[in-house]
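Shown next, in structure tokens, is the structure this report addresses.
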């Protein structure tokens, strides 16, 4: 894969208004893959299918998202990123609108796949922000956009559940479609044209990701460390509702949904972590982030059961995970400016594998060993990430 000279004609700085627009678009894009989770009960009743079958909807959405990370996100290095962003936005609007109008379960399954594919718009917006940001402020600016992504993940379930209770599940998808549609003209008008940074065919573009993996040791460390932190992140969030419903806590789904607000508190610190990474270097922030995750889960595994302690754990470990993620992105985006979309695809793919593994392992451990095994898994994964982060 041949890299072209960087001949972009871009603004000298990423303005606060454009940063806010990118953060908002990123949050709305990634939220699209999580809206379905609190709607599963309503959808099961609507279409008359059982729990195992209705679980296909989030599964298909996640599979579509994971496939598109590898197959579509690298296109940002080969084509004008602005056109890709606008095209994916329009396709996401169409998929959400189709979901809102889905006449049957099969149609909603199809819509779920396409929503997952097009929601990777978020992974085009973050590299765009990294390209537009001044080098001295890249970590801070990427952190601000990542705050939008993280809030989209954490608050989407709360928003979808509340709106569905008032207006039904179709209103969730319809409102999401309208929100993304309103951003399309703003994105087209505000984003500059990105001259492609790489040449060659699609196959060579995909194959080059293996070359980037072999070439850049910092990319391998970032992918492995963040993947391990994602194991901890996903193990907690994927088992939270079941843990809270258990005899130790006896709480319902409303409390589980409200935990998203606790996670959002940690996510809001992402720009601060990015700014520290700019000033003092990302490696120190990565190590501190992994230590926070390790400490939070170790305390939860050993301390007496307490709802308020779990809230504190959610704030602290989310802060650690997001600080490490923003810093890892700062590291990989500096490796090869012409390959930022592919570098991001490798990092996010490792996170996807970590989250899938964390969800599976967390569920098995919860069922076989009890709820304290989940934070023990999180602590072990964080320790592994810390070891990787300390390697040179």
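Restricted to the range 242-254, and to residues that are part of a helix (DSSP H, G or I) and modelled with pLDDT under 70, which residue is surrounded by the most Cβ atoms within 10 Å (Cβ to Cβ)?
Going residue by residue through the range 242-254, those that are part of a helix (DSSP H, G or I) are 242-245, 253-254.
Next cut, modelled with pLDDT under 70 only: 253-254.
Values: 253: 14, 254: 10.
Ranking the qualifying residues of the range 242-254, first place goes to 253.
Out of the range 84-101, which residues are assigned to a helix (DSSP H, G or I) and over 22 Å from the mean Cα position of the chain (by Cα)? Can you show your working first?
Filtering the range 84-101 for residues assigned to a helix (DSSP H, G or I) gives 84-100.
Residues satisfying the conditions are 97, 98, 100.
Hey, residue 205 hits all of (1) under 30 Å from residue 21 (Cα atoms); (2) out of contact with any strand residue (DSSP E or B) (no Cβ under 8 Å at 6 or more places or on another chain); (3) at pLDDT below 85 but one; which does it fall short on?
(2)
Assuming residue 313 fulfils every condition listed in (1) surrounded by fewer than 24 Cβ atoms within 10 Å (Cβ to Cβ); (2) farther than 15 Å from residue 385 by Cα apart from one, which condition is it?
The failed condition is (1).
Give the residue that is surrounded by the fewest Cβ atoms within 10 Å (Cβ to Cβ), with candidates limited to residues of the range 45-61 that are modelled with pLDDT of 80 or more and farther than 18 Å from residue 100 by Cβ.
If we take residues in the range 45-61 being modelled with pLDDT of 80 or more and farther than 18 Å from residue 100 by Cβ, then 48 is surrounded by the fewest Cβ atoms within 10 Å (Cβ to Cβ).
Give me a count of the residues in the range 176-202 that are part of a loop (DSSP other than H, G, I, E, B) and crowded, with 21+ Cβ neighbours inside 10 Å.
First, the residues of the range 176-202 that are part of a loop (DSSP other than H, G, I, E, B): 191-197, 199-201.
With the extra rule that they be crowded, with 21+ Cβ neighbours inside 10 Å, the set shrinks to 191, 194, 197.
Total meeting the criteria: 3.
Can you tell me which residues in the range 44-83 are assigned to a loop (DSSP other than H, G, I, E, B) and over 22 Å from the mean Cα position of the chain (by Cα)?
Residues satisfying the conditions are 48, 49, 50, 78, 79, 80.
Can residue 360 be described as under 19 Å from residue 63 (Cα atoms) and surrounded by fewer than 24 Cβ atoms within 10 Å (Cβ to Cβ)? Explain how you work it out, then say what you get.
Working: under 19 Å from residue 63 (Cα atoms): yes; surrounded by fewer than 24 Cβ atoms within 10 Å (Cβ to Cβ): yes.
The answer is yes for residue 360.
The values are calculated or read from the model by the stated rules, or taken from the named source; none is laboratory data. As the structure is a prediction and not an experimental result, all values here were calculated from the model. Every residue, glycine as well, gets a Cβ built from its backbone with ideal geometry; the counts of neighbours run over all protein chains shown.
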